[in-house]
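Structure first, commentary second.
The values are calculated or read from the model by the stated rules, or taken from the named source; none is laboratory data. Source: prediction; values computed, not measured. Cβ coordinates were reconstructed from backbone atoms using ideal geometry, including for glycine residues, and neighbour counts include every protein chain displayed.
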Amino acid sequence: MRKEDIDDFEFQVESRLTSHGVYVTDFADEGDTYRLTYESISADEAAVIPHREIGRVINVFRDLHADDWSGVDIEATVTDLEDTELGEWSVDSEWIDDLENGDLSETAFSQRVLETITVRS
């Protein structure tokens, strides 16, 4: 599926993430950056930003684009169910491009993303 084939990209993102217990509360497509804020049931239970959930969010964006997608930056803010900000994480578009081209392994990509996590205290 390609982004241009989807009537409402934001709706597609929200729908897919909701099925994983990730509730998008704010979404912006700024052309070269996707910014989203989402509530996490898992984060609420663990009081941390679940790494597996970050992967699900990224994979939804990857799945909604053509195989040759070179990526965009992704900036995410994670909240608990009471809308308390727990932290943030991000993805650089270059990492997605390197991953899609085979220049970066899934493990190295994941490590880079995990290193961007900032937790609010």
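Residues checked against (1) more than 21 Å from ARG16 (Cα to Cα); (2) at pLDDT 95 or above:
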site: HIS65; (1), (2): no, no
site: TRP89; (1), (2): no, yes
site: LEU99; (1), (2): yes, no
site: ASP103; (1), (2): yes, yes
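Residue count for segment 81-119, restricted to those that are more than 16 Å from PHE61 (Cβ to Cβ) and of a type outside the set (A, V, I, L, M, F, W, C): 14. Among residues of segment 18-45 being under 13 Å from the mean Cα position of the chain (by Cα) and modelled with pLDDT under 90, the one that is surrounded by the most Cβ atoms within 10 Å (Cβ to Cβ) is SER40.
Please determine, by comparing only the residues of segment 85-112 that are within 20 Å of ALA28 (Cα to Cα) and β-branched (Val, Ile, Thr), which one is surrounded by the fewest Cβ atoms within 10 Å (Cβ to Cβ). Break it down into steps so the answer makes sense when it comes.
The first filter runs over segment 85-112 and keeps only residues within 20 Å of ALA28 (Cα to Cα), leaving 85-94, 96.
Adding the requirement that they be β-branched (Val, Ile, Thr) leaves 91, 96.
Values: VAL91: 24, ILE96: 22.
By that ranking, first place goes to ILE96.
Listed by first and then second residue, the pairs with beta-carbon distance under 7 Å, at least 6 apart or on different chains, first residue in segment 60-72 and acidic (Asp, Glu), second modelled with pLDDT of 75 or more and surrounded by fewer than 19 Cβ atoms within 10 Å (Cβ to Cβ), form an empty list.
Within segment 46-80, the set of residues being polar (S, T, N, Q), more than 12 Å from the chain's Cα centre (by Cα) and closer than 21 Å to ARG112 by Cβ comprises just one member, SER70. For segment 60-80, a residue qualifies if it is of a type in the set (A, V, I, L, M, F, W, C) and assigned to a loop (DSSP other than H, G, I, E, B), and the qualifying residues are LEU64, ALA66, TRP69, VAL72. If you filter segment 73-83 down to residues that are closer than 12 Å to ALA43 by Cβ, out of contact with any helix residue (DSSP H, G or I) (no Cβ under 7 Å at 6 or more places or on another chain) and surrounded by 12 or more Cβ atoms within 10 Å (Cβ to Cβ), you find that the one that is modelled with the lowest pLDDT is THR79.
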